[in-house]
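Okay, so here's the structure we're looking at.
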Amino acid sequence: MSLFPNPLHYSESNCFYASWRCPSNIAIVKYWGKFGLQLPRNPSLSLTLDKAHTDTTVKVMPRQMTDSSVTVIVDGLKNENFKPKIMAFLKHIEAYLPWTASYDYEIHTHNTFPHGAGIASSASAFGALSLCLLSVEEQMLDNAYAEDEFLKKASFLARIGSGSASRSVYPIAAAWGKLEQLNASDEYAIPCGDRLHKIFHTFHDDILIVSKNEKSVSSTAGHQLMEGNPFASLRYEQAEQRMHDLIHCLALGDIEAFGTLCEEEALSLHALMMLSKPSYLLMEPNSIAIIQKIRNFRAETKLPVYFTLDAGPNIHLLYPDNIASKVREWVDHDLVHFCKDQFYLKDKVGQGPQIIPQI
Ligand code: DP6
């Protein structure tokens, strides 16, 4: 495909290789609640990240036995933990990539963000894996996709691995889930970077790591709990309305409206968790302390610094590039001691996935 003029992919003795880097993303309007084969109950929109990403090389070999063989190697070491999810993913996508049923897989992967830092890796991981599989398909069938079709299919496949992964294959920003205004679909995400005012193209997202512990309730379990949540239908309506509002303020470059909506969404997500049956809480005392600090800092300085959270205790600090040095100074002075091991990841809006050399 024309976007990637110098493919580093090669094949040898009926084996095929592909390597991709895929970023993570941070949802502004959150996907929370799903049905069927990972279809969302409401539309969502995210900013694509830059530093938080996964590098993956996939080696595809003709199948040796009746049952498939999948080897997962994380940072050079064989890893059994991710295998069941990847095997289930490969089984599900057979209907859309029929050749996958006749091959075995060796998957090498590396995350740039520290393991167990509480940063979700499934979006970047399934994004990278899907891109690799499609590159393999291009070689195998000697048939290059058009650039937009390639990314659309990658998004479709990634969604089956993890819903939020559908949004990770595009630069700047992406929307997933039916929404007339965008002509968007439940089955794959669409790029929407060109709808954003340029101020958002260089936005920062500093990820303040409050806890590195495994979440007490996984995202997958959280989505399921939405099925019995008494506020579910109200929430899905609210998310749709917020998509309209968000698209409007992103286009205008209205940072204040964006930030207000962003915080309301994060708090809605966590309120839904608290109101689930059974109720649960993923925020921690330091998450609340940081939120209070952000509100006070904003009130005192009038600087546009806002927060969001995904399904965990970590705080994403969102702000425009022109105030970066003032914000960093404040984070290093006032916030970093609320972070586990004083660690935070300085990230920003990124340019989407890219082909990389074999890892
Ligand atoms: C709160 O995509 O991790 O981050 O589809 O079960 O893999 P699965 O869930 P996942 O859920 C992400 C939830 C969220 C909001 C979002 O990213 O939109």
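Each of Phe203, Pro98, Gln224 was scored by the projection of its Cα onto the charge dipole of the chain, and the greatest displacement toward the positive side belongs to Gln224; charges sit on the C-beta of Lys, Arg, Asp and Glu. Mean projected area of the convex hull spanned by the Cα atoms of the range 112-239, taken over all viewing directions: 10.4 nm². A straight Cα-to-Cα reach below 13 Å connects Lys212 with the aspartates and glutamates Glu284, Asp341, residues fewer than 8 places away in its own chain not being considered. Put in line by how crowded their Cβ is, counting other Cβ atoms within 10 Å and starting with the fewest, Tyr17, Tyr319 read Tyr17, Tyr319. With Cα atoms defining each centre, the range 99-113 and the range 295-359 are spaced 31 Å apart in the structure.
Cross-link partners for Lys198 among the lysines, with Cα-Cα distance under 27 Å and sequence neighbours closer than 8 places in the same chain left out: Lys30, Lys51, Lys152, Lys178, Lys302, Lys326, Lys346, Lys348. For the range 141-202, a simple Cβ point-charge model (Lys and Arg +1, Asp and Glu -1, everything else neutral) yields a dipole of about 280 debye relative to the Cα centre.
Projected over all directions and averaged, the alpha-carbon convex hull of the range 188-257 occupies 7.1 nm². Based on the inverse mean of 1/r over its pairs of different Cα atoms, what is the Kirkwood hydrodynamic radius of the range 6-195, in Å? Taking the inverse mean of 1/r over all distinct Cα pairs, the range 6-195 comes out at 16.7 Å. Helices that extend 18 Å or more along their long axis by alpha-carbon positions and average at least 0.0 on the Kyte-Doolittle scale are, among the DSSP H runs of the chain, 122-141, 255-274. Distance from the C-alpha centroid of the range 50-97 to that of the range 193-266: 30 Å, rounded to the whole angstrom. The residue list Gly193, Leu250, Cys15 was ranked by how far each Cα lies along the charge dipole of the chain toward its positive end, using unit charges on Cβ atoms, and Leu250 comes out on top.
With Rh defined as the Kirkwood radius, the inverse of the mean 1/r over Cα pairs, the Rg/Rh of the chain is 0.97. In straight-distance terms, cross-link reach from Lys59 covers every one of the lysines whose alpha-carbon lies under 19 Å from its own, apart from those fewer than eight places away in the same chain; here that gives Lys78, Lys83, Lys85, Lys91.
Summing Cβ point charges (Lys, Arg +1; Asp, Glu -1) relative to the Cα centre of the chain gives a dipole of roughly 560 debye. Between the residues Gly161, Ala173, Ala27, the greatest Cα displacement towards the positive end of the dipole of the range 6-195, with unit charges on the Cβ of Lys, Arg, Asp and Glu, is found for Ala27. Among Ser24, Ser166, the ranking by other beta carbons within 10 Å of each residue's beta carbon, starting with the fewest, stands as Ser24, Ser166. Charge dipole (Cα centre; +1 on Lys/Arg Cβ, -1 on Asp/Glu Cβ; no other charges) of the range 198-348 amounts to roughly 200 debye. Legend: ranking of residues Ile160, Ile172 from fewest to most surrounding C-beta atoms inside 10 Å; resulting order Ile172, Ile160.
Kindly state, to the nearest 0.05, the FRET efficiency for Glu329 paired with Gln64, given R0 = 56 Å and r defined as their beta-carbon distance. It comes out at approximately 0.45.
Working from Cα pairs under 8 Å separated by at least six residues, relative contact order for the chain is 25 percent.
Throughout, read-outs are computed from the coordinates displayed, never taken from laboratory work. Treat the numbers as computed from the prediction; the structure is a model and nothing was measured. Heads up, the Cβs are rebuilt from the backbone with ideal geometry, glycines too, and the neighbour counts pull from every protein chain shown.
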